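Some notes on the structure that comes next.
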Amino acid sequence: MPLRVIVGVAGGIAAYKAVSVVREFVRRGHHVTVIPTGSALKFVGLPTWEAISRNPVPTDLFEGVAEVRHVALGQQANLIVVCPATAHTLASIAGGFAGDLLGTTLLAATAPLVLAPAMHTEMWENPAVQANVETLRQRGVLFVGPDSGPLTGDDSGVGRMSEPETIVNFALSSLTPQSLEGKRVLISAGGTREPLDPVRYLGNRSSGAMGVALAEAARLRGAHVTLVHSHVEVPLPHGVDTVAVSTAQDMLAAMAAAQPTHDIILMAAAVADWRARTLSPQKLRKADQPEYWTPELERTPDILAQLGETKTTGQLLVGFAAETDGDASQRESNARMKLKAKKSDALVLNLVGDQVGFGEVETAVTLITASPQSLTFEGTKSSVAGRLLDALPEL
Ligand code: CTP
């Protein structure tokens, strides 16, 4: 579900990194209102905040008075993040100051408040700052960072603002029930490539977006996630263990090695079904081939089926079936056959074709289990991934 997120930005050099925080919330489908302080606008200008958040940016207490904006924004928010939270802003929030729009908004809000501090080490360690941090923590305010690393000048130490993805993940997980806490989730994503010669391969159009969305959603729910990825075209999530592979054989080796230490296995990768029977060590030349030519192919290993054979009691194995043909009931009965044949606990069926399924952000999937009932989820890959994971405990 899209959230109403307020990103408060205080006047520190790390304001430039807050742009990526806003972008990441928007990318995940949330509605963002940026409230920069006057000094934040000296670091990053209004057009940048408006363009990246795709929303008007209020800056003044005396704008939008008729809508009682100085409190309305806070009252409507589901989540508030202040990044960077400077020493001055920490003091203002701890003191309950209401001299600007960010101050009044925070006082009127009941949503979780996440602060990402950024300042020089000496400032962060100053007893005045630490006392404010302590006061805020006791009131239930959440802190992400600061990290240790290079600071603005030549110095380095504690005080660096956390990375944008870390801030977004932390903030969102503060709202997400930790339903997978203590669980280890193994996910495959992307499409394998099976080489024909040193420069050519057989592949498919999978972008890996679904597997990556599942990894993000599982991490947000408190799981430890291992992502085995092949040729994924979207950015890999932070905070998960990653293993890069290329062919079906590599993916089988990585998944089989990780299987014994994981509780839930989601096989979202599009694995090539065939590979060249013999791999040409040199580039195949046109002149050496006839006009019509058939490379000799052999089956790749069926990874899901092999994981189904070695599955242990209590381990949950979920396959993903991409179907392009037939009507809905035909697709569902194909999927039910695959579920049985591959000894999986569930199968996620999705329709793919020229225009849908691959890479697209919107998707529709049907979750099939041994029970005759099935569940259908529609929406962005990220919301569908979350709802699929929330349905797993039922299994
Ligand atoms: N799968 C696998 N190894 C393969 C082929 C598929 O692990 N060599 C997995 C996929 O990752 C997916 C599930 O099996 O989780 C179903 O994939 P799909 O391509 O729909 O099924 P196939 O068995 O390849 O059947 P077909 O392509 O003929 O429909």
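The values are calculated or read from the model by the stated rules, or taken from the named source; none is laboratory data. As the structure is a prediction and not an experimental result, all values here were calculated from the model. All Cβ positions, glycine included, derive from the backbone under ideal geometry; neighbour counts span all protein chains shown. Just the protein is used for accessible areas: all its heavy atoms, side chains included, with ligands, DNA and RNA removed. Shrake-Rupley method; radii C 1.70, N 1.55, O 1.52, S 1.80 Å.
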For HIS238, enumerate residues with amide H under 5 Å from its amide H, sequence gap 5+ or separate chain, H modeled in the peptide plane.
none
With a Cα-only, solvent-free Debye model of the chain, what are the log10 I(q)/I(0) values at q = 0.09, 0.10, 0.15 Å⁻¹?
-0.65, -0.76, -1.23
I'd like the Karplus ³J(HN,Hα) series for segment 7-16: coefficients 6.51, -1.76, 1.60, θ = phi - 60°, whole numbers in Hz, and an x wherever there's a Gly or Pro.
10, x, 10, 9, x, x, 4, 5, 3, 5
Probe 1.4 Å, all protein chains present, accessible-area order of LEU202, LEU392, largest first:
LEU202, LEU392
Mean separation of Cα contacts under 8 Å, 6 or more apart, over the residue count of the chain: relative contact order %:
11
Taking the alpha-carbon distance from LYS286 and a cut-off under 15 Å, which aspartates and glutamates remain once sequence neighbours fewer than 8 residues away in the same chain are dropped?
ASP197
Charge-dipole axis of the chain as Lys and Arg at +1 and Asp and Glu at -1 on Cβ define it, positive-most pick from ALA335, GLN75, LEU196:
ALA335
What is the magnitude of the charge dipole of the chain about its Cα centre, with +1 placed on the Cβ of each Lys and Arg, -1 on the Cβ of each Asp and Glu, and no other charges, expressed in debye to the nearest 20?
420
Residues with amide H under 5 Å from that of ALA270, placed H, sequence gap 5 or more:
GLY190, GLY191, THR192
Of the beta bridges DSSP finds with both residues in the chain, what % are antiparallel, to the nearest 5?
35
Given H placed on each backbone N at 1.01 Å, which residues far from VAL225 in sequence or on other chains put an amide H within less than 5 Å of it?
VAL185, ASP241
So if I restrict to the alpha-carbon atoms in segment 1-79, what is the Rg, and what is Dmax, the biggest pairwise distance, in Å?
12.1, 34
Which of TYR201, TYR292, TYR16 is most accessible, then next, and so on - probe 1.4 Å:
TYR292, TYR16, TYR201
Tell me, what HN-Hα J-couplings in whole Hz come from the Karplus equation 6.51 cos²θ - 1.76 cosθ + 1.60 at θ = phi - 60° for each residue of segment 211-216, using x for Gly and Pro?
x, 5, 5, 5, 5, 4
Only Cα pairs under 8 Å and at least 6 apart count here; give the relative contact order of segment 184-394 as a rounded whole percent.
20
Average silhouette area of segment 170-224, convex hull of alpha-carbon atoms, in square nanometres
5.0
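Counting pairwise Cα distances across segment 202-282, what percent come out greater than 15 angstrom?
Roughly 59 percent, rounded to a whole number.
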With a cut-off of at most 15 other beta carbons within 10 Å, and DSSP calling the residue loop, which GluC sites (Glu not before Pro) in segment 263-359 qualify? Please list them.
GLU291, GLU296
Calculate, axis by axis, the spread of Cα positions in segment 4-173 along the three principal axes, and write the results as whole Å, longest axis first.
45, 31, 31
Rounded to the nearest Å, the spacing of the alpha-carbon centers of segment 137-190 and segment 1-37 is 15
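Ignoring everything except DSSP H segments at least 4 long, calculate the 222 nm mean residue ellipticity for the chain; use -39,500 (n - 2.57) per segment, divide by total residues, nearest 500.
On the way: 14 runs with 133 residues, N = 395.
The per-residue figure over the chain is -9500 deg cm²/dmol.
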Residue-ordered couplings for segment 114-127, obtained by feeding phi - 60° into the Karplus form 6.51 cos²θ - 1.76 cosθ + 1.60 and rounding to whole Hz (Gly and Pro as x), are 10, 10, 10, x, 8, 5, 6, 4, 4, 5, 4, 7, 4, x
Potential lengthening between GLN75 and LYS286 on full extension [0.36 nm per residue; Cα-Cα distance subtracted]
69.2 nm
Taking 27 Å as the cut-off for C-alpha to C-alpha distance, list the pairs among LYS17/LYS183; LYS283/LYS342; LYS183/LYS381 that go past it.
LYS17/LYS183; LYS283/LYS342
For all pairs of alpha-carbon atoms in segment 184-394, what percent lies in each bin of width 10 Å, listed from the first bin to the last filled one?
8, 34, 36, 15, 5, 1
Quick one: putting +1 on the C-beta of Lys and Arg, -1 on the C-beta of Asp and Glu, what dipole do you get for segment 184-394 around its Cα centre, in Debye to the nearest 20?
400
Please list, by residue number, every one of the GluC sites (Glu not before Pro) in segment 43-72 that is coil in DSSP and has at most 11 other beta-carbon atoms within 10 Å.
none
Among the lysines, which have Cα under 20 Å from the Cα of LYS343 when same-chain residues fewer than 8 positions away are ignored?
LYS311
